[in-house]
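Below: the structure, in structure tokens.
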Amino acid sequence: MKMKQTNQLTQLIWDFWRENRQELRQLKPLAKCQVSRWWGVLHIHCFNRELAEAIMAANGLLEKPIVELRLANKIKIWVDKNLFAVLPVDSDKMLA
């Protein structure tokens with residue numbers, strides 16, 4: 001049986017918090033989502049609403065590595081193929 005490999009973007013976010021176990025635990029739901037980046041937007045595709053809500057609850061933890069690594073200027077969370085939420089990334093922090 002082949003194990004699912006962690007997405008590179010997910011791994012970057014996890015690596016940012018690797019020394020903070022509590023924060024890392026809050027971001028573990030990303031493993032069950034598909035994460036991609038396109039045109040300055042980080043897309044997180046969740047399979048159900050509960051997963052999307054867990055990702056939204058960890059938004060502050062998502063934003064910090066996205067800003068520091070300059071990955072995106074907004075986050076879009078999807079459930080199935082429906083847009084669930086659009087979260088801005090504080091671009092002022094990117095300029096600093």
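The values are calculated or read from the model by the stated rules, or taken from the named source; none is laboratory data. Keep in mind that this is a model prediction, so the values were computed, not measured. Note: ideal-geometry Cβ built from the backbone for every residue, glycine included; neighbour counts use all protein chains shown.
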request  = Can you run down the residue pairs with Cβ atoms below 7 Å, 6 or more apart or on separate chains, where the first is in the stretch 19-35 and under 20 Å from LYS76 (Cα atoms) and the partner is small (Gly, Ala, Ser)?
outcome  = GLN26/ALA58; LEU27/ALA58; PRO29/ALA54
request  = Check off (1) of a type outside the set (Asp, Glu); (2) modelled with pLDDT under 90; (3) touching a His at 6+ places or on another chain (Cβ under 7 Å) for LYS93 and give me the number that stays unchecked.
outcome  = (3)
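Is it the case that some residue within the stretch 57-66 is in a strand (DSSP E or B), touching a helix residue (DSSP H, G or I) at 6+ places or on another chain (Cβ under 8 Å) and closer than 18 Å to ASP90 by Cβ? Explain how you work it out, then say what you get.
First pass over the stretch 57-66, keeping only residues in a strand (DSSP E or B): none.
Checked the stretch 57-66: no residue is in a strand (DSSP E or B), touching a helix residue (DSSP H, G or I) at 6+ places or on another chain (Cβ under 8 Å) and closer than 18 Å to ASP90 by Cβ.
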inquiry  = Which condition from (1) modelled with pLDDT of 95 or more; (2) of a type in the set (S, T, N, Q); (3) surrounded by 15 or more Cβ atoms within 10 Å (Cβ to Cβ) is the one that ASN48 breaks?
reply    = (3)
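Please indicate, with yes or no, whether at least one residue in the stretch 38-46 is under 20 Å from ASP90 (Cα atoms) and assigned to a helix (DSSP H, G or I).
Just the residues of the stretch 38-46 that are under 20 Å from ASP90 (Cα atoms), to begin with: 38-44.
Applying the additional criterion that residues be assigned to a helix (DSSP H, G or I) yields none.
No, the stretch 38-46 has no match at all.
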inquiry  = So the check is Cβ under 6 Å with 6+ separation or different chains; which pairs have a first residue in the stretch 46-70 that's without any contact (Cβ under 8 Å) to a residue 60 or more places away in the chain and more than 17 Å from LEU12 (Cβ to Cβ) and a second one that's surrounded by fewer than 18 Cβ atoms within 10 Å (Cβ to Cβ) and charged (D, E, K, R)?
reply    = LEU51/LYS32
